[in-house]
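The values are calculated or read from the model by the stated rules, or taken from the named source; none is laboratory data. Because the structure is a prediction, the values reported are computed rather than measured. Cβ placement follows ideal geometry from the backbone for every residue including glycine, while neighbour counts extend to all protein chains displayed. Calculation scope for accessible area: heavy atoms of the full protein, side chains included, ligands and nucleic acids excluded. Shrake-Rupley method; radii C 1.70, N 1.55, O 1.52, S 1.80 Å.
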Amino acid sequence: MKMKPLAVLMYSAVMLGPVVAQAAVEPAMSPPHEAQAERQHPVSFTDAWQVVVTGNDGLAAERANVDRSRYMQEAARDLYLPKITATAKYTRLDKPVEIKPSDLIESMPAGDTIGRLAQSLGISTSNIDKLFTSQLTDRDVFTSSIRAVWPIFTGGRINAAQDIAKGKTAEAQYLMTMKQQATFEDLSKFYFGVAMTQQVLNTRIEVEQGLKKHFEHAKKLEQQGQIAKVERLQAQASYDKARVERQKAQRDMEIAQVALTQLLKLDTPAVPSTQLFINTSLPPMSAFVEKTLVDYPGLHILDAKRQQANGLIDVEKGKYYPEVFLYGNYSLHEDDTLAAKTAPDWAVGVGVNIPLLDNSGRSGKVKAAHSAVKQVDYLRAQAEQDLTVLVEKTYREAMQSLEEYNGLASSLSLAKENVFLREKAFRQGLSTSLDVVDAELFLASVKTQRAAAAYQYVISLTRLLAVSGEINSFNQYQQYQGIEVQS
């Protein structure tokens, strides 16, 4: 079945458009000059992934988030330790604090009797005040002390706070894993997108070279009077158009190469040394589904959030229980006053704080925390369904790409043979130039379609390995079981 030239070009544009927008590399197809080759940076997919793991800013940000959560978890462990504070205070009084005998007499139950007795004896209270007034403190008071409070029982709130901190650390770790998986998928799209555009460029070069040879034959045949001028013009127009398409494919590859080079943070253009590949078969779909439902970090993130929600329940319930604590105080410095001499140097004790009426809405917050747990449970159930659908869809897409690639093998053989026969027939005057051009473009379309099918297979395989937590097994599929796709 022959494809018309316009249909072939439209198909190539549709298949290449999304890939060009995501990745590509410097064309190694048209024989590059040695100076250009030196400016390129060949890199395998394995090495590229190591570069991304160590140098990607997004992954570095997630690692910093994990460190922050871990430090917060360590901080939560300190809640069981006593709180010890050193305090220093300076106070300025409006006047010194004094105790007068008259004040003491007046404060006694028999103060009136004592006062009348002193008057009968001719003793004046003012004279007594002058002689026996005691000064407790000066106007300037400076004190310093060490105070300690050690929680003994808090209604389980400390344990709950530590559980919440532990859950946040686990959440941060799984978020980093999810980011790593997403970055692995992105690298695969960029990297193998470049590899595909390289193959497309190679195909366009072959078409250009084939049509150039056809154009040269057409010129000779026209000079010999064996074909009409219109046949030679058709060959020339097809050759010129093929050259334009080759230049466009080269620019598309260069654009895609920029994306890969920037992702890898290289100073020279990155050139993939790992080619597109396929596998003869894949493990059963159920294996990917089961592995995903066990290891997918998104599900573990929800588990971590459930742990945090349970911790909130314990925190709010703990507000109903009394708090028991030890406390102590030791004076470091006191003024040389009567009040300081009468005050103890240290004191220790046990305290109990019993909540009778709380305005923080304890009951409502407990119910809200229970609702949060239910919400996480529903989200996890929905996530499991969505992941199952995703894995099944991606698996079928991978198998479809394999079937498409293998199914086009016969079309490729037919297209090659058709080009040979059409060119031979044209030389003998049994075929037109348009027939030769159609044959060349049909061959190019088959090669492009096979490359696109291989690319879609690799992308689907990458997604399957990412969601199932099997990124490390990619080399097994690529190096040991992979069949390299030739342009």
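Could you check the simple spin-label distance between ASP335 and ILE471, using points 7 Å along Cα→Cβ, in nm with one decimal?
Result for the modelled spin labels: 6.8 nm.
For a 26 Å ceiling on Cα separation, which of these pairs sit above it: LYS317/LYS374; LYS305/LYS393; LYS212/LYS416?
Numbers: LYS317/LYS374 18 Å; LYS305/LYS393 28 Å; LYS212/LYS416 17 Å.
The answer is LYS305/LYS393.
If you add up the charges near THR274, with Lys and Arg at +1 and Asp and Glu at -1, over every other residue whose beta carbon is less than 11 angstrom from its beta carbon, what do you get?
Working: positive: none; negative: ASP47, GLU484.
Summing Lys/Arg as +1 and Asp/Glu as -1 gives -2.
Going 7 Å from the Cα of LEU93 along its beta-carbon direction, which residues of the stretch 310-342 have the amide nitrogen within less than 11 Å of the resulting point?
Those under the cut-off are 337-340.
Identify, among THR337, ALA466, SER360, the residue whose Cα sits farthest towards the positive end of the charge dipole of the chain, taking +1 on the Cβ of Lys and Arg and -1 on the Cβ of Asp and Glu, with the dipole about the Cα centre.
The residue sitting most towards the positive pole is ALA466.
If you average the alpha carbon positions of the stretch 144-201 and of the stretch 237-299, how far apart do those two centres end up, in angstrom?
28 Å
Assuming R0 = 35 Å, can you tell me the calculated FRET efficiency for the pair ILE152 and ASP303, based on Cβ-Cβ distance, to the nearest 0.05? Before the final figure, lay out each step's value.
Values: r = 32 Å, r/R0 = 0.92.
The pair ILE152/ASP303 has a calculated efficiency of 0.65.
Where does helix 285-295 land angle-wise versus the long Cα axis of the chain, in degrees 0 to 90, nearest 10?
Tilt relative to the chain: about 20 degrees.
Could you check how many percent of all C-alpha pairs in the stretch 262-378 are farther apart than 26 Å? Let's see the in-between values first.
Working: 4490 of 6786 pairs.
Roughly 66 percent, once rounded to a whole number.
Can you list residues whose amide H is under 5 Å from ASP335's amide H, if they're 5+ apart or on another chain and H is modeled 1.01 Å from N?
Counting only residues 5 or more places away or on other chains, the set is PHE142.
Based on DSSP H runs of at least 4 residues, each adding -39500 (n - 2.57), what is the mean residue ellipticity at 222 nm of the chain after dividing by all its residues, to the nearest 500 deg cm²/dmol? Provide the component values of the computation, followed by the final result.
Working: 15 runs with 320 residues, N = 487.
One gets -23000 deg cm²/dmol as the mean residue ellipticity at 222 nm.
What accessible area, in Å² to the nearest ten, does a 1.4 Å probe give for THR54?
THR54 has an accessible surface of roughly 100 Å² with all protein chains in place.
Tell me the label-point distance for the pair HIS370, LEU79, using the 7 Å Cα-to-Cβ offset, in nm and rounded to one decimal.
Using points 7 Å along Cα→Cβ, the separation is 2.2 nm.
To the nearest 0.05, how large is the calculated FRET efficiency for THR46 and SER281 if R₀ is 25 Å and r is the Cβ-Cβ distance? Don't skip to the answer; put the middle values down first.
On the way: r = 23 Å, r/R0 = 0.91.
Efficiency at R0 = 25 Å is approximately 0.65.
For SER273, what residues show an amide H to amide H distance below 5 Å, using hydrogens built from the backbone and excluding near sequence neighbours?
VAL43, SER44, PHE45
Which angle from 0 to 90°, rounded to the nearest 10, does the C-alpha axis of helix 157-223 make with the longest principal axis of the chain?
Here the helix axis deviates by roughly 20 degrees.
Work out, step by step, the length gained on full extension between THR388 and LYS229: first 0.36 nm times the residue separation, then minus their alpha carbon distance; give nm to one decimal. Before the final figure, lay out the partial values.
Details: separation 159, 0.36 × 159 = 57.24 nm, distance 6.25 nm.
Between THR388 and LYS229, full extension yields 51.0 nm more.
Just order 451-457, 270-276 by mean Cβ neighbour count inside 10 Å, highest at the front, would you?
Values: 451-457: 24.4, 270-276: 22.0.
For the peptides 451-457, 270-276, the packing ranking is 451-457, 270-276.
Apply 1/(1 + (r/R0)^6) to the Cβ-Cβ distance of TYR321 and ALA347, taking R0 = 25 Å, and write down the FRET efficiency to the nearest 0.05.
On the way: r = 26 Å, r/R0 = 1.05.
Taking R0 as 25 Å, the efficiency between TYR321 and ALA347 is 0.40.
Cβ under 14 Å from ALA398's Cβ, ALA398 left aside: what net charge do those residues give with Lys, Arg +1 and Asp, Glu -1? Let's see the in-between values first.
Numbers: positive: LYS393, ARG396, ARG463; negative: GLU185, GLU392, GLU397, GLU403, GLU404, GLU470.
Neighbour charge sum, excluding ALA398 itself: -3.
Dividing the convex hull volume of the alpha carbon atoms of the stretch 202-321 by its residue count, what do you get in Å³ per residue? Show your work: numbers first, answer last.
Values: hull volume 28.9 nm³, N = 120.
Considering the Cα atoms of the stretch 202-321, their hull volume per residue is 241 Å³.
Using a 1.4 Å probe and counting only protein heavy atoms, arrange TRP346, TRP49, TRP150 so the residue with the most accessible area comes first.
Details: TRP346 165, TRP49 25, TRP150 120 Å².
Largest to smallest exposure gives the sequence TRP346, TRP150, TRP49.
Rounded to the nearest 10 degrees, what's the angle between the helix 297-318 long axis and the longest principal axis of the chain, both from Cα atoms, 0 to 90?
Approximately 10 degrees, to the nearest 10.
Let me know the charge dipole size of the stretch 428-487 about its Cα centre in debye, to the nearest 20, where only the beta-carbon of Lys, Arg (+1) and Asp, Glu (-1) is charged.
Values: 3 positive and 5 negative charges, 45 e Å.
Charge dipole, the stretch 428-487, about its Cα centre: 220 debye, nearest 20.
Against the 2.2 N^0.38 Å scaling, with N counting residues, where does the chain land? I'd like the Cα-based Rg ratio to two decimal places. Before the final figure, lay out the partial values.
Numbers: Rg = 42.6 Å, N = 487, 2.2 N^0.38 = 23.1 Å.
Dividing the Cα Rg of the chain by 2.2 N^0.38 Å gives 1.84.
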